[in-house]
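Here is the structure we will look at, set down as structure tokens.
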């Protein structure tokens with residue numbers, strides 16, 4: 001997938017087969033061809049709703065870790081997009097299935113969700129801006145890659161609303177903006193050849209761990225069905 005900057009493809013390649021295990025997971029294939037059980041999808045949405053709350057907190061933490069006003073504005077805009085836009089899909093879809101806002105908020109957080117969200121938050125609290133971005137990137141950009149790929153399918157799947165949300169122009173622009181944010185942050189801190197920096201292997205490891213946790217998140221949805 002192109003268009004998400006220059007750092008993301010390097011991190012994605014460094015993740016090796018873990019990236020394919022995430023972006024081509026059986027859950028994702030089921031979204032694309034419509035065979036995913038509705039119960040699995042709804043369980044995923046409920047967990048993802050809780051995930052996005054923590055994810056918004058992590059992006060808010062990124063505001064405090066940022067080094068420039070430009071970085072602060074980009075992170076603050078992402079917080080707003082998560083709270084005011086992305087979570088509305090979850091609320092609307094669950095409401096249509098008889099899961100009201102109170103029930104959605106009362107969902108018990110499952111262990112793979114706890115592991116992932118706390119990993120991201122810890123990356124930000126224990127590390128710096130780049131550590132946090134490396135932990136955040138697989139979710140934002142991976143969903144963009146998945147959404148764009150599934151949106152190209154000729155059929156009209158049962159999960160078309162989800163695919164349109166992440167494969168559509170608005171979310172794809174979010175991915176391009178986040179890719180540019182990452183590129184700028186890396187260049188400011190590591191220079192024009194970041195792969196030669198002693199920081200680079202650690203950032204790749206952060207990205208890969210978050211990628212593995214993404215795959216576990218999909219599996220959590222399958223296991224619930």
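Some observations on this one:
- Residue exposure proxy: 22, 171, ordered by other Cβ atoms within 10 angstrom of their Cβ from fewest to most, comes out as 171, 22.
- Estimated inter-spin distance, residue 102 and residue 126, nm [label 7 Å along Cα→Cβ]: 4.0
- Centre separation in Å (Cα based) which lies between the range 1-64 and the range 138-213: 9
- Exposure proxy order (Cβ contacts within 10 Å, fewest to most) of 197, 165: 197, 165
- Spin-label model distance (nm) - residue 76 vs residue 109, 7 Å beyond Cα toward Cβ: 2.6
- For the chain, built as a Gaussian network whose Cα springs stay under 10 Å, the top-fluctuating residue of 124, 67, 142: 67
- 87, 72, 152, 220 arranged by Cβ crowding within 10 Å, fewest neighbours leading: 152, 72, 87, 220
- On the beta carbon distance between residue 223 and residue 188, with R0 = 35 Å, the FRET formula returns roughly 0.25.
- Computed over the chain, the per-residue total of -39500 (n - 2.57) for DSSP H runs of n ≥ 4 gives a 222 nm mean residue ellipticity of -25000 deg cm²/dmol, rounded to 500.
- Most fluctuating residue given options 123, 185, 106, as computed from a GNM of the chain linking Cα atoms under 10 Å: 106
Every number in this text was worked out from the coordinates using simple rules, so none of it is lab data. Remember, predicted model here, so these are calculated numbers, not experimental data. All Cβ positions, even for glycine, are placed from backbone atoms using ideal geometry, and neighbour counts span all protein chains on display.
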